[in-house]
1. Arrange the peptides 43-52, 11-20 so that the one whose residues have, on average, the most other Cβ atoms within 10 Å appears first.
2. Counting Lys and Arg as +1 and Asp and Glu as -1, each charge on the Cβ, what is the dipole of the chain about the Cα centre in debye, to the nearest 20?
3. If Lys and Arg each add +1 and Asp and Glu each add -1, what is the summed charge of the other residues whose beta carbon sits under 13 Å from the beta carbon of THR37?
4. Counting Lys and Arg as +1 and Asp and Glu as -1, what is the net charge of the other residues whose Cβ lies under 14 Å from the Cβ of PRO24?
5. For region 1-72, what does the alpha-carbon gyration tensor say about shape, rounded, prolate or oblate, given a ≥ b ≥ c as the root eigenvalues, a/c under 1.5 as rounded, and a/b over b/c as prolate?
6. Quote to one decimal, in nm, the extra length available between ARG26 and LEU113 on full extension: 0.36 nm per residue of separation minus the C-alpha distance between them.
7. If you take log10 I(q)/I(0) by the Debye sum over Cα atoms at q = 0.11, 0.17, 0.20 Å⁻¹ from the coordinates, which of (1) -0.48, -1.02, -1.28; (2) -0.57, -0.91, -1.07; (3) -0.74, -1.01, -1.15 do you get?
8. Using θ = phi - 60° and the Karplus relation 6.51 cos²θ - 1.76 cosθ + 1.60, list the HN-Hα couplings for region 24-37 in order, rounded to whole Hz, with x at every Gly or Pro.
Amino acid sequence: MTAPHLNDEEKAKIEVLAADGQSPTRIGKLVERSPHTVQKHLEQPEVQQRVENEKEELAKQYRAQARRILDSINDKDIEKASLQQKSISSGVLLDKSLLLAGDVPPIRVEILLAAVDEIRAQRERDDHAVSPLLSASNASST
């Protein structure tokens, strides 16, 4: 027995999910259709064009939201961020700026490892600073 054809709502949902990077298997589960049915729909040239158009629209929306979030960050927010948050954010922002400029940087693993080591050291310092307080608190409650 063959499954009924995709309706317009299912087609639109499949196209949006595909544009968002979902696999045919994942899309099939979400729309309760077989991955094969989803794949067959996505293979049609006019559907591929609609998916590409949707990707472009999603990219615009994501860029607009990213810009809005980035513009909302102020010095106070940056001061409140942890070392880990600052390290990750600066790396992502730097990489993004280089990619947009067309200057793909080589991966400098030693810099990443140094940042990880610093984050671990900071966590250990934080743990040691809290540990005596917890011991004192436990001793006074017994």
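1. In descending order of packing, they fall as 11-20, 43-52.
2. 160
3. Surrounding charge for THR37 is +2.
4. Result for the neighbourhood of PRO24: +1.
5. Since a/c reaches 1.5 and a/b is larger than b/c, the shape of region 1-72 is classed as prolate.
6. Value of the extension gain: 27.8 nm.
7. Of the listed options (1) -0.48, -1.02, -1.28; (2) -0.57, -0.91, -1.07; (3) -0.74, -1.01, -1.15, (3) comes from this structure.
8. x, 5, 5, 4, x, 5, 5, 9, 6, 10, 6, x, 4, 4
The numbers here are math on the coordinates, done by the rules we state, and not lab data. Keep in mind that what you see is a predicted model, and the values were worked out from it rather than measured. Here Cβ is always computed from backbone atoms with ideal geometry, including for glycine, and neighbour counts include all displayed protein chains.
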